[in-house]
Every structure is written in structure tokens, then in C-alpha cells.
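A short worksheet on the structure shown next.
The values are calculated or read from the model by the stated rules, or taken from the named source; none is laboratory data. Computed from a predicted model, the values in this text were never measured in an experiment. Heads up, the Cβs are rebuilt from the backbone with ideal geometry, glycines too, and the neighbour counts pull from every protein chain shown. To get the accessible areas, we keep the full protein, side chains included, count just its heavy atoms, and leave off ligands, DNA and RNA. Shrake-Rupley method; radii C 1.70, N 1.55, O 1.52, S 1.80 Å.
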Amino acid sequence: MYEPDDEDLAAEEQAASLKVACPERTWEDLEEDETGRLRITHGDKQYREKRRKIAMAAANSHVCKGMIRFLYVVVDLSQAVNEADMRPSRLAVVSGILYKFFREYFNQNPLSQLGLVVTRNGIAERLTELSGSPESHITALKENLEAAGDMSIQNSLEQVQSSLAQLPTYGTREVLFVVSALSSCDPGNVHTAIAAAKSANIRVSVVSVAAELHICRRMTEETGGMFGVSQSQHHLEDLLMAHAPPPPLNEQATKASLVEMGFPQKRPLDKGAFFSGRGGEYVCPRCASRVEVNPTHPKFVENIKINNPVTFLQELPAQCSVCSLTLVSSPHLARSYHHLFPVAPFEVHRPVIMQELNDAAKLDATNCFACNLKFDRSGARGNDDAPSVCPRCKKIYCFQCDVFIHEKLHNCPGCEIDKAKGYKNSA
Amino acid sequence: MLGVRGSGTSSALVILVETSIDENSDGERMEGTSSDDGLGIMHTLRDLVLFISCYLALNLQNDLVVLALHNGDCHYLYESPKSKLRRGVRVQPPVSDVCKEIITRIFRISSSPLQSPSGDASSSGSESPLAAGLSMALCHIQRLGTGSFRGLRRIFCLLRSPVSQRQYIPMMNVIFAAQQAFVTIDSYSLCDMHSDILEQAANMTNGLHRKLQKDGELGQHLLTFSSWSQTCRHSLLPGKQCGVDFKTFCFCHKKTLQRGFVCSACLSISCVALKTGGDCMTCAANFDTCS
């Protein structure tokens, strides 16, 4: 089922060219300890970084999040993106990361929408309107990758604001700039555009590929967004991907409210149905009209089939064309429930804890509870297999499973077993 | 069919089998009154062993993991050896040894006393921790994926008791993780109750779900449908499969809904619109205005 597609191959090529450019970044493994000696920390940094990420995510889990987002991504396509300080070029790197970002964004924010704006030659073009399908944005960006002229912050902001200002208040309004240029070409005063964005409750964030610009920093500070300058290709990816999880809810800007939604069932059309020429397969639960959902371009359908076997996820969410009720399916909502019921971060497993366990548990403790990997007692394999322990169920996991459980799975197997024991069989 | 496209493409299969013995029904079946309906634990195991030997015989590179859901716990029964490599080709133990090991482990688990001190009375009647079992299976597959393994990966569940709605959220988490990792979830339920959640899992991961009731069906089904690899699934017709019912339940009363109110901060569903100024029951966000 898994077949490497063009993007995979492109990514591999990119990695290969990077290897040629800088064979090994050996100096990054060196670290100075308290006594001033140099130590080789093999992969230690990554390990600590991952632990820190999990802990951060857990600390933020109690914050109310804005789950419904309207985000415009503004891509700077000025001449500066042709620089080759990232290999093969800034443009190739940025666009590659953006494709990933679009997919990840819709994975994490199933009911949110995204639009795409590019700025070049001093003007801003809106490539796609706000919509819910990642593939349409990816195709649009792929077809418009010619870079020329200068970027314009003011034009982009005005372009975006005209669309964001009409949206309902329960969603967060966001703009994400991916900036490579070191200057902005504006027809008037940028500061008025920033003030207008602020008054429209738009949160502007900037990821800069090259260097910090005063105007960008100022813009993010005024509107409460995030600002980041990338140090390397990996760092750039981290910075962009940090915008995929939903941001904390801004109580003043967005008002939480109950939104009425419909959960339609799919019904195959009767052969003799009157509207068989037009209507879709879903029936709106409020006005009982047949709904034609997102009539997708045949090109996207082909794309979806390859990249995402689950086509129904592309059909919904949609709006009823008659009564404009939002139609969603229950798996869409379920995608975000792990924010509500997060897995507690695991603690580092130490031999001290080992002695507290009883004999039966000690036997279990030699293998990872989830993947059944045998722990290497000598610890020669390094941090990759360092055991962690769940504070609730006291089961022991290897570090790889720890990361997988917190970042992808969002279930602790041990805790799920304990929970299931409480459920009496109703049958 | 199980990844026999040349020796380069191996596949990984995790089998989850429920082995708890339900005294009420299985006791009768084992004693003979209804033993020929083919749903007793012994029949299930016999058919499973047949399937496993078929799977291992098809390609020596195939990976196999067997997990048992037993009296509310989850145990590893068998795992293909990893380290024994000879000229890049893994040496698998003979199929008969594999099956023997699985059967002895099952008997050891079912004869050992229950481990949890409080669980003696409760855990035998509790629900199977399907979500936990699937999570463990995914963790294992994830570890395979970190190496150079790029073959087909599947999870196969053989369930003998129903799964309730209370496992809905962990089950959905498992399904999404499987979807992202391109892992297929196939399932057979051998009980009278319909299992919505497994049907959804099969639908969303491109798998198959079957409910079996008649005698002797399992062996035949396993050897035909379950041996299909992902690549040939597109060209074969798996028989009639009805539309999947994605039911939606509200958080407050667990009612099935066609139309409901969703909190914009946490996306929890409620069946009634709260009055102006109320709080969300799940995340305590304050609603100033109701739409």
C-alpha cells in the first residue's frame, strides 16, 4: 500500500544534496561539561529535545484552545527565495515543508480552514480561498512557484483582511507569513495596515527564513502572534510545524459559542430520484435537502486516492447549500479529542523505582510493555531505548514507544487496560 | 498473495485474538451440545493456526506477532525472531514450532491465576481491552518501521465479545494513528452483537470487517479474504459490504444525534443548546452568545 511518490523522492534527493554539502556536523555532538571538558553527546540533544516537547505539550494541555481556525498562509515569492543558502534553494525547501504543513494542519484541525496568498512583484495574489482540502492548496502552490520582484507586507495584509473580517467570531483568525526577503515594498504606511489587522482581531505570525526584520517583529508583537527565525532547514520545519496544533484561545478576540452542526448519513441515490442529476449523497438533517458536497476537481481526486485512501474525509465538512448548516462527520470531531483527554507525560525510569516494584512487576519490567522490546540492562544502546514509566499505570515503556504514544497515538496501553477492567460486560 | 511479489516485499501482520473463555456459552460448546456451530474457542484456535501456517509458508520474510486479549489483560504470545539473519535472509523457526508455542502460551495464560489482587471477581466479566491491544500492536509495528522495513503492514483482530461505546475515544485515536502509518485494520467478530467501531476502523483504514455466525465459516474466510494483500485488494471484490454508519453521540446523554451543538473551543457535542451565559460542560468555556 505504501508507495514512494514524487514528493518522497524529491525529499530523498534533497537529503542527499545536503549530505554532499556538509558531510557531518560533528561539532554539534560536542558539549562542554561543568569541569570544562569536552564530551561527545551522541544523540543526547535530540533525546532531551523530545522529552522537553512532550513535557511542554502536557503543560499546555489544560489551556482552552481555539479549535476552529481560519488561517491564511502568505508565502513570500520575491527574488530572495532563489538564494541557495539552503539546498537546493530556499524555494524548494520552503515549498516542501509547506506541503507537509498543509496536510498536518488539516490532520490536527479537522474543522478549520486554510487559504493561500503569495506575494511577489510588490503585489499580493490570493491563490486559494479559505477551504478545507489540503490537496487543492498543494496543487495551487505547485503551479505558482515562479519568484520575482519584492514582497509586500501591506498588500498581503489588506488582501487577507478583506476576507477574514467577514468570518464568524467563534473562530480564530490567523495569518502566517513565511518570509525570505529582507525588505518590504509597500504603497502606503504599513503601520496602519497592522493597526487595522489588530482591530479586526487577526493574529499575525511570522516565520523568517533569512533574518529578523523589525517590521515583522513589531507586527507579531502588536497582534499577539509568534515570531521565529530559522537557523537551519530542520529548525525551519520545526518553526512551521509549531503552527499546526491549535493555538491557545484568546478570550477577548474569539467568543466560544455553541455552533449548530449536522451529522448527515450517506445514502445512496435512488435510481428514480428526481434530483439525480444534481444532488449529492448526503441529506441535510435540518432542511432535508440533498447536499452536493465539495465538488472536487478530477485532478485532486486522483491526488487524494494516492495520498489519502480515505476519500470521505475530503467530502465533509461542508455546508448545506440550502440552509447553510455546517455538516460534519463524527470522526472529524473525534480527531481533536486527544486534546481533551491527554496522556500524562511518562517519567524517566530509574533503578530506584525498580526496587519498589513487586516481583511480578519486575518480570514484566524487563520488556517494553507496548512493543515487547527487551531492555538492555547495560544501557549500552544509549538513550533511544531508555525506559520510561507511566505515572498512572506504572507500566514501563521504551523511549521510542514513549514518543510514539505521546505524539501520534495518544493512548497509554496500560491505562486503557485498567480502564477496560472497570467496564462490565453489558452483554 | 501475502506479499509474495518477489522475496523483497515482506509483510508484517499483528494478530489480536480474544481467548477469554466465557463460562456461560463456551462451557456448553466445549461439552458438545452446540460444539459444532464452530464458534467455540477451540474451533477458533484451530482455524487461526491454519491461517498462521499459511501466512508463514507464503514468504519466509513475513513478520508475525500474536497478541492475546485474555480476561481483561493483553499478552504477547509470539513474535518473529529479529536477530537471526543469514546472508540477509531471516531464518524462521518451523511453522509447527510457531503454532506449538502459541498454543502452549495460551494454555499457560488461561491456567495461571489472575494477577491483580482486586481483579479476581471483576476482571473475568469485564470488557476486552481492544483499544489497548490495538495500541500495543501499533507500537510494535512502529518499531518495525524505524528500520528499513517498507513492506505491507496489517493488524488483524479476532473478537469474540462486543466492544462498547465506552472505548470510543481510545479506539478513534488508534484508528487515526493507524491511518497515518498506513496500517490496515481487518477484523472478524464472532459474536451476535454488531460492532460499529470495528466497522469504522475497517472503513477508515481500507480494511475488511466481517461478522460470522454460521459454523465452520471462519477457516474459509481467513484463507480467502484475510490473505489478500493491500496491492491486490483493489482488483478483488470482497463481497457485499454495507455502508458504514458513522454514529454521533452527544457527551451529555450519550444519545444518537442527527443534529447537535458543538462547542467551538473543545468540539464536544451536546444535544441541547445552553442558555446565554452558560458554560461548556466539558471544557468550561463561557458562552456569551448562543447562535
Which condition breaks for A:W27 when tested against (1) modelled with pLDDT of 75 or more; (2) open to solvent by 60 Å² or more (accessible area, probe 1.4 Å); (3) aromatic (F, W, Y)?
-> (1)
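For every residue, the table says whether it meets (1) modelled with pLDDT of 80 or more; (2) on the phi > 0 side of the Ramachandran plot; (3) not hydrophobic (A, V, I, L, M, F, W, C).
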| residue | (1), (2), (3) |
| --- | --- |
| A:F341 | yes, no, no |
| A:N372 | yes, yes, yes |
| A:D376 | no, no, yes |
| A:C398 | yes, no, no |
| A:K408 | yes, no, yes |
| A:S426 | no, no, yes |
First in segment A:81-92 and surrounded by fewer than 15 Cβ atoms within 10 Å (Cβ to Cβ), second anywhere and not in a loop (DSSP other than H, G, I, E, B), Cβ under 8 Å, 6 or more apart | A:N82/A:R90; A:N82/A:L91; A:E83/A:R90; A:A84/A:R90; A:P88/A:Q14; A:P88/A:S17
Kindly indicate whether B:Q180 is closer than 25 Å to B:E79 by Cβ, over 15 Å from the mean Cα position of the chain (by Cα) and modelled with pLDDT of 80 or more.
-> yes
Among the residues of segment B:224-239, is there at least one that is open to solvent by 30 Å² or more (accessible area, probe 1.4 Å), modelled with pLDDT of 75 or more and assigned by the TED database to the domain that holds B:C157?
-> yes
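Listed here are the residues, each with its yes/no results for (1) modelled with pLDDT of 90 or more; (2) assigned to a strand (DSSP E or B); (3) open to solvent by 10 Å² or more (accessible area, probe 1.4 Å).
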position	(1), (2), (3)
A:R203	yes, yes, yes
A:V206	yes, yes, no
A:I215	yes, no, yes
A:T220	yes, no, no
Only residues that are open to solvent by less than 10 Å² (accessible area, probe 1.4 Å) and either within 11 Å of another protein chain (Cβ to nearest Cβ) or of a type in the set (G, A, S) (or both): list them for segment B:174-196, please.
-> B:V174, B:I175, B:A177, B:A178, B:V183, B:T184, B:S187, B:S189, B:S195
Regarding B:R86, is this residue charged (D, E, K, R), surrounded by fewer than 19 Cβ atoms within 10 Å (Cβ to Cβ), farther than 25 Å from B:S227 by Cα and modelled with pLDDT of 75 or more?
-> no
Selection from segment A:238-262 of residues buried (at least 18 other Cβ atoms within 10 Å of the Cβ), more than 10 Å from chain B (Cβ to nearest Cβ) and not in a loop (DSSP other than H, G, I, E, B) yields A:L239, A:L240
Could you please let me know if A:K394 is more than 30 Å from A:P168 (Cβ to Cβ), modelled with pLDDT of 80 or more, more than 10 Å from every other protein chain (Cβ to nearest Cβ) and open to solvent by 50 Å² or more (accessible area, probe 1.4 Å)?
-> yes
Quick one: would you say A:E146 is in contact (Cβ under 8 Å) with a residue 24 or more places away in the chain, among the charged types (D, E, K, R) and surrounded by fewer than 16 Cβ atoms within 10 Å (Cβ to Cβ)?
-> yes
